[in-house]
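I have placed the structure first, in the form of structure tokens, so that the comments after it can refer back to it.
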Amino acid sequence: MPRPDISLETADGDQLDYPFQIRPLTEDDRGGYLVEFPDLPGCLSDGETIEEAIANGADALRSWIATAREFGDPIPQPLRPAMADTSER
């Protein structure tokens, strides 16, 4: 199954598609869903529903990129690892 992406347009007009992972949060974490961007350290968000978590994740992605630009930090390109067999053995 392909990993979902959130697209972001750069100032140069290039399109970057950052993959993200989404998982349910435990009841101890008050439930909902967590979105993480493996290519961008510390870039994550959550929401009560999957849709809200993805929307909040898109906002977190834009904020992460804007902050990196503001401080002159490098912005990693999205990585596309080969699809691995994740089925149970």
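Among residues of region 55-69 that are more than 15 Å from G32 (Cβ to Cβ), those with a Cβ under 6 angstrom from a residue that is among the aliphatic types (A, V, I, L, M) and at pLDDT 95 or above, sequence gap 6+ or separate chain, pair up as W64/L40.
Residue by residue through region 15-31, note down the ones that are in a loop (DSSP other than H, G, I, E, B) and surrounded by fewer than 16 Cβ atoms within 10 Å (Cβ to Cβ).
Within region 15-31, L25, T26, R30, G31 qualify.
For D46, the conditions (1) over 18 Å from D17 (Cβ atoms); (2) assigned to a helix (DSSP H, G or I) are fulfilled apart from (2).
Take the conditions surrounded by fewer than 18 Cβ atoms within 10 Å (Cβ to Cβ), modelled with pLDDT under 95 and farther than 15 Å from P4 by Cα and apply them to T49. Does it pass? Let's see the steps before the verdict.
Working: surrounded by fewer than 18 Cβ atoms within 10 Å (Cβ to Cβ): yes; modelled with pLDDT under 95: no; farther than 15 Å from P4 by Cα: yes.
When the stated conditions are applied, T49 does not pass them.
Looking only at residues in region 65-78 that are hydrophobic (A, V, I, L, M, F, W, C) and at pLDDT below 95, the one that is surrounded by the most Cβ atoms within 10 Å (Cβ to Cβ) is I65.
The values are calculated or read from the model by the stated rules, or taken from the named source; none is laboratory data. Just so you know, these numbers come straight off a predicted model, no measurement behind them. Note that each Cβ is placed from the backbone with ideal geometry, even for glycine, and that neighbours are counted across all protein chains shown.
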